[in-house]
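The values are calculated or read from the model by the stated rules, or taken from the named source; none is laboratory data. Fair warning: this is a prediction, and the values are worked out from it, not measured in the lab. Cβ coordinates were reconstructed from backbone atoms using ideal geometry, including for glycine residues, and neighbour counts include every protein chain displayed. Ligands, DNA and RNA are stripped out before the accessible areas are found, and what is left, the full protein with its side chains, is counted by its heavy atoms. Shrake-Rupley method; radii C 1.70, N 1.55, O 1.52, S 1.80 Å.
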Amino acid sequence: MTTAPDGERGTTAAAPMSQPGPAMAVPPPRQRRSRRLLKRFFRRRLSVFGLVVLLLILSLAVFAPLFGSPSRNDFGAVLLGPSAAHPLGTDDLGRDTLARIAYGARVSMQAGVMATLLAMAVGVPLGLIAGYYRGWADLVISRFTDLLLAFPFLILAVGLAAILGPSLRNVVIALGISALPSFIRVTRGEVLGLREQDYVAGAVADGAGDGRILSRYVLPNAISPLLVQATVTVPEAIIGESVLSFLGLGVQPPTPSWGTMLSAAQTFLTQAPLLAVWPGVAIALAALSFNLVGDGLRDTLDPKATS
Amino acid sequence: MTTPVTVRAPQPSGDYPLLSVQDLRVRFATEDGPVFAVNGVSFDLRAGEIIALVGESGCGKSVTAMAVPGLLAPTATVTGRVLLAGRDLLELTPKELRAVRGKEISFVFQEPMTSLNPAFTVGKQIREVLQRHEGLSKKAAQARAVELLQLVRIPAPERRVDEYPHQLSGGMRQRVMIAIAVACGPKVLVADEPTTALDVTIQAGVLDILRDLRDELGTAIVLITHDLGVVADLADRVVVMYAGRPVEQAEVHELFAHPQHPYTNGLLGAVPHREQGVELVAGRRLAEIPGLVPALRSDPDECVFAPRCSRRTDVCTSRRPPLEPVRPGHPAACFHPGEAS
Amino acid sequence: MASYLLRRVGTSALVLLLASIVVFVGVRALPGDAAVALAGEESDPVAIEQIREKYGLNDPVPVQYFRYLGNSLQGDLGFSTRTGLDVSEIILDRLPVTLELALLSLLVGLLIGIPAGILAALRRGTWIDNTSNAFGLLGLSIPNFWLGLVLILVVSVQAGLLPASGYVPFFESPVANLERMLLPAIVLGTGLSAVLMRQMRSAMLETMSADYVRTARSKGLSERQVVLVHALRNSLVTVVTVLGLQLGALISGAVITEQIFVIPGFGKLIVDGVFTRDYPVIQGVALVTVCGYVLVNLLVDLTYSFLNPRIRVSGGAS
């Protein structure tokens, strides 16, 4: 799953076709920036909707035990439709679908967030080194990135599953590795740009150490694009986890995961089609909520969209 | 009694303006409400004349220029009249307007580095306008493109015509832009800061070409600039703009010799040898005036320069100063006009 | 241009070499003894030692690597431990199936994504734009294998319009082939079209506000010429670069799509290989996939450099 930089933009301030714009003479004070950004974000109704859905799914994951046991079999209530006792029905072993969806949310959110954090933890330092020191370090890291990119996500994941065995941990590792190139590239690109900025040059002239310059001046300014990249990576990882689990290379039954639920539902497509609907809706909503929030963040933080 | 027949460039009768902009107003709809970019600009341009629109950035001069051939984004609301040889361009349908653009009125933009399409050769970009308006064949248009490159003094035009923009220097690209603009012999050329992005050494060459076009082809030019050196060098008449309003208008020698509006005085304040009028250092920028250009969130009934003005009195904020002659042929919108002492 | 070409080809060659090492090491890291796997689980130690000797498994690892590299370059990818068949032959057998699926999906993706992106950008803020954006977001968010399940359910099971699974070679019966390929191609193409649509839209928005588009308008060109000649050309150049990267997603998508629709292609081969622990097959498929992917991306880059005069025609400003 490759992530291409996507300059998607929503409503930007209307402006004439080029520079001769209306005079925006007095820039708003610096300390009001965060409030202004929040206002911009909340003006986008779709992004707010995404945020709400995201919070709902997160609370579903946190409060999963409230929805009952995901593994209690009831062979007297197999493949049932929605009812008061089972709002989303039951599966082939009589297990409550809602409870399994809730526990599946835990797996999905874990996989999505952990894989993204893993990719950031490795990718951001590599990108910083490549962009800041240039030279041979950049060369080595860039070739390493090319090498990673040469392995399509599923080929890599299948290979890793074969070597390490199928498990949630290994799914996270596979997803993290495939998300690595994007983070290296985004960070490297930002640092290359920031290096030329006056305040960085000024810090260098003042004799600040590399570590200080990177942590104080460079990294804080690269946060916006990294945040946007993270909101793109999480939904990809969520879908990636479901794909691997669906194929049987990820989370193993009986642990409930949206992917394994779909895999099991495949067998009963004609008898209980709804069984194949719920987990898919859950995956789509989870991914959609992150994508909506990501689009909102991009529009809010992208300085180009502000002009 | 016979009057001698005078031979002159094809143009309307002497006092009939070629381009007449009347009470032009431009408003932009933005996320944060309307912006009043241009508020009632009027000027006339005769054939072969060069008029300069001057002011700090954000004063509305570029928006005025772009409004003339209808090049503003759809978020702009333009009112008033823009009469080109008696025809109101604001009344034309998009299709009629396209027939005028590039043919009767053409544009040279500020950014030579980005105003040419990187994907096509210089020749193709010149041919395009010739094929569109003159109906030339590709071959004829190519031959004409070489001539035009020669006209704007590009060396080795036969070779350059097949090159891509990235192979040309900034100065050469701006010449190509001018070649495109004059390809169909327009009546009016609008040049928006044509030399701002160029090195000082190259600026003079581009200005010479503009002057020659006026002298040889009789092209009238609307020159947008904030460079007083360029104004003195090239313009016949000047409109000084501030916060979307015209604040003073005069013939160039008159303006430099007897500036009336305090804003104009401020602009000229740091310029040496004001008495000698046009003898200015090329490349000189407008002098810094304390204060900021106001955000154009409204079009208030008062003098918009008052907050920065040293001559301010109560009357300045009570009503809008009318643009009325304070010297012959020299209007200024100020309740306290006069040269700075 | 020449130096750019050389550099680009050199990088690709280096990446391929590194990738072959990764695949080689990866397969060595697989659990289980290759010799035992080759000889069969119940073989006696003597037989296993003979196998070890025969396949050079006692040689130093670098020697083994270069032999493997040499064999691979000659098209010898070993034999399947499951079926005993030549891995190269299996791959050649399965490759056209996946290529057909990929090409059809690419077609679906391009035919929907590019026009939708252009229209959305040109009609920005209208219902066309909103619909396209909704489609783009849903396309990014809906997992393609679920879309596949839903389509099977609705189109095949309930409406009975198209077969739910299977494969018929194109030259045996084009109609039966396309009937079975249509749903998979839609499933795989939809996600791609969503990405392409978003890319195309933002590229068009960017070029439509470029200075040279304003120049084109100031020349009095028709809006069609402005869009199709000046804006589209430059937007497509940006989208082409993205297309190469999207092929990785396409390959990944093919793996799972083939699984759902039971198509005997490349993706099914590797997944089956993992479940049957058929290491030579996994190794062969991984190697061929990576080579194909790197080479296609090289081609995309070369196309890009050809489309972009800044690279094609060197020679700076005087």
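Assorted remarks:
- Were the residues from B:Thr196 through B:Arg312 laid out at 0.36 nm apart, the gain over their Cα-Cα distance would be 38.5 nm.
- At R0 = 35 Å, FRET efficiency that the Cβ-Cβ distance of C:Thr11 and C:Asp272 yields, to 0.05: 0.55
- Ranked order, B:Glu324, B:Glu96 - accessible area, probe 1.4 Å, largest first: B:Glu324, B:Glu96
- Relative contact order of chain A, pairs being alpha-carbon contacts under 8 Å that are 6 or more residues apart, as %: 27 percent
- With the simple spin-label model, which puts each label point 7 Å out from Cα in the Cβ direction, the C:Phe66 to C:Ser3 separation comes to 3.3 nm.
- Percentage, to the nearest whole number, of Cα pairs in the protein assembly as shown over 37 Å apart: 59 percent
- Descending Cα extents along the principal axes, the stretch C:2-73, whole Å: 58, 20, 17
- Simple label model, 7 Å out from Cα along Cβ direction - B:Ala143 to A:Phe75, nm: 9.6 nm
- In terms of Cα atoms, the Rg and Dmax of chain A work out to 22.9, 77 Å.
- Inter-label distance, B:Ala156 to B:Thr75: 4.4 nm, where each label sits 7 Å from its Cα along the C-beta direction.
- Convex hull of Cα atoms in the stretch B:112-185, direction-averaged projection (nm²): 4.1 nm²
- Here the Gaussian network model covers chain C, with springs between Cα atoms less than 10 Å apart; of C:Tyr167, C:Tyr68, C:Tyr212, C:Tyr212 fluctuates the most.
- Within-10-Å neighbourhood charge of B:His336 [Cβ basis; K, R +1; D, E -1]: +2
- Relative counts (whole %) of C-alpha pair distances in the stretch C:101-144, using bins that are 10 Å wide: 28, 49, 21, 2
- Solvent-accessible surface of the stretch A:159-281, averaged per residue with a 1.4 angstrom probe and all protein chains in place: 38 square angstrom.
- Ligands, DNA and RNA left out, the 1.4 Å accessible surface of the stretch C:202-292 is 67% carbon and sulfur atoms.
- Tensor-based shape of the stretch C:1-130 (alpha-carbon gyration tensor, a/c under 1.5 rounded, otherwise prolate or oblate): prolate
- The relative contact order of the stretch B:47-196 comes to 30 percent, based on Cα pairs under 8 Å that sit 6 or more residues apart.
- Chain A: most fluctuating residue of A:Val251, A:Val204, A:Val78 per GNM, C-alpha cutoff 10 Å: A:Val204
- Note on A:242-251: average number of Cβ atoms from other chains within 10 Å of each residue's Cβ is 4.
- The alpha carbon radius of gyration of the stretch B:210-263, expressed as a multiple of 2.2 N^0.38 Å, is 1.21.
- Counting 0.36 nm for each residue step from C:Arg82 to C:Ser173 and taking away their Cα separation leaves a gain of 29.7 nm.
- Ranked by solvent-accessible area (1.4 Å probe, protein heavy atoms only, all chains present), the residues B:Asp236, B:Asp215, C:Asp278 order from largest to smallest as B:Asp215, B:Asp236, C:Asp278.
- Whole-angstrom Cα spans of the stretch C:94-312 along principal axes, big to small: 65, 43, 32
- C/B buried area, accessible surface, summed, 1.4 Å probe, Å²: 2400 Å²
- Solvent-accessible area of A:Met109 with every protein chain in place, 1.4 Å probe, in Å² to the nearest 10: 20 Å²
- Three-way shape label, the stretch B:143-209, alpha-carbon gyration tensor, a/c 1.5: oblate
- Cβ-derived FRET efficiency at R0 45 Å, C:Gln74 paired with C:Asp44, nearest 0.05: 0.85
- Whole-number percent relative contact order across chain C, with pairs defined as alpha carbons under 8 Å at least 6 apart: 25 percent
- Accessible area in the full protein assembly, largest first, 1.4 Å probe, for B:Glu158, B:Glu339, C:Glu100: B:Glu158, B:Glu339, C:Glu100
- Cα convex hull volume per residue for the stretch B:61-205 (Å³): 120 Å³
- Rolling a 1.4 Å probe over the protein heavy atoms leaves B:Cys309 with an accessible area of roughly 20 Å².
- For the segment C:270-280, counting C-beta atoms of other chains within 10 Å of every residue's C-beta and taking the mean gives 3.
- Using only the C-alpha atoms, the convex hull of the stretch A:152-230 corresponds to 106 Å³ per residue.
- Calculated FRET efficiency for the pair C:Thr131/B:Arg319, C-beta based, R₀ 51 Å, to 0.05: 0.50
- The calculated P(r) of chain B, using every Cα pair and 20 Å bins from 0, goes 30, 57, 14, 0 in percent.
- At the residue level, A:Leu56 shows approximately 110 square angstrom of accessible surface with a 1.4 angstrom probe and all protein chains present.
- Given charges at beta-carbon only (K, R positive; D, E negative), |dipole| of the protein assembly as shown in Debye: 1460 debye
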